[in-house]
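Reading through the structure tokens given below for one structure.
The values are calculated or read from the model by the stated rules, or taken from the named source; none is laboratory data. Remember, it's a predicted structure, so these values are computed and weren't measured experimentally. Neighbour counts run over all protein chains shown; Cβ positions are idealised from the backbone, glycine included. SASA here: full protein model, heavy atoms, side chains in, ligands and nucleic acids out. Shrake-Rupley method; radii C 1.70, N 1.55, O 1.52, S 1.80 Å.
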Amino acid sequence: MNWQRPILTDSGGFQIYSLSALRKISDEGAVFQSHLDGSTHFLTPERAIEIQQALGADIIMCLDECISYPSSAQDAAAAAERTTVWAARCRERHWTAGQALFGIVQGGMHKDLREQSAANCSRSGLMVMRSAA
């Protein structure tokens with residue numbers, strides 16, 4: 001691609017979310033069907049990191065479980081918890097020096113869940129961008 005500046009990649013969490021009719025999420029990862037050819041794929045937190053490392057990105061993201069808006073506090077808490085567990089698995093698989101790994105804050109519209117999710121990322125040694133909101 002011959003781009004000599006920093007590259008940021010995404011883990012695929014939002015793309016999996018966008019395939020809601022073609023996916024099944026579990027604690028292990030996400031099984032989804034391609035909307036192009038119908039082939040089935042299984043994305044785990046570890047595989048998301050492997051792919052981003054292989055691409056040579058400078059900034060990579062942990063796999064997360066995206067939720068709909070609005071979502072109940074119960075659904076948001078479950079997604080935030082799964083995202084925290086997946087982030088720990090991503091951190092274990094991350095090994096490329098010079099490649100920044102960011103955690104993704106979940107919690108939907110529930111401020112307390114977002115704050116808890118951000119704190120969990122920080123405790124795990126992941127970088128987190130915080131907003132003023």
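I'd like to verify a number: residues in region 1-16 that are open to solvent by 40 Å² or more (accessible area, probe 1.4 Å), part of a helix (DSSP H, G or I) and either within 18 Å of ALA78 (Cβ to Cβ) or among the aromatic types (Phe, Trp, Tyr) (or both), how many?
Here the count works out to 1.
Which count do you get for residues in region 35-89 that are in contact with a Lys or Arg (Cβ under 8 Å, 6 or more places away or on another chain), among the β-branched types (Val, Ile, Thr) and crowded, with 19+ Cβ neighbours inside 10 Å?
Final tally of qualifying residues: 1.
Starting from region 37-64, keep only residues that are touching a residue at least 24 places away in the same chain (Cβ under 8 Å) and in a loop (DSSP other than H, G, I, E, B), then list their pairs with residues that are charged (D, E, K, R) and open to solvent by less than 20 Å² (accessible area, probe 1.4 Å) whose Cβ atoms are within a distance under 9 Å, requiring at least 6 positions of separation or different chains.
Between residues of region 37-64 that are touching a residue at least 24 places away in the same chain (Cβ under 8 Å) and in a loop (DSSP other than H, G, I, E, B) and residues that are charged (D, E, K, R) and open to solvent by less than 20 Å² (accessible area, probe 1.4 Å), there is no close pair.
Would you be able to tell me the number of residues in region 66-76 that are in a loop (DSSP other than H, G, I, E, B) and more than 30 Å from TRP3 (Cα to Cα)?
Residues flagged as in a loop (DSSP other than H, G, I, E, B) and more than 30 Å from TRP3 (Cα to Cα) within region 66-76 amount to 6.
Residue by residue through region 17-34, note down the ones that are at pLDDT 95 or above and either open to solvent by 70 Å² or more (accessible area, probe 1.4 Å) or not in a strand (DSSP E or B) (or both).
LYS24, SER26, ASP27, GLU28, GLY29
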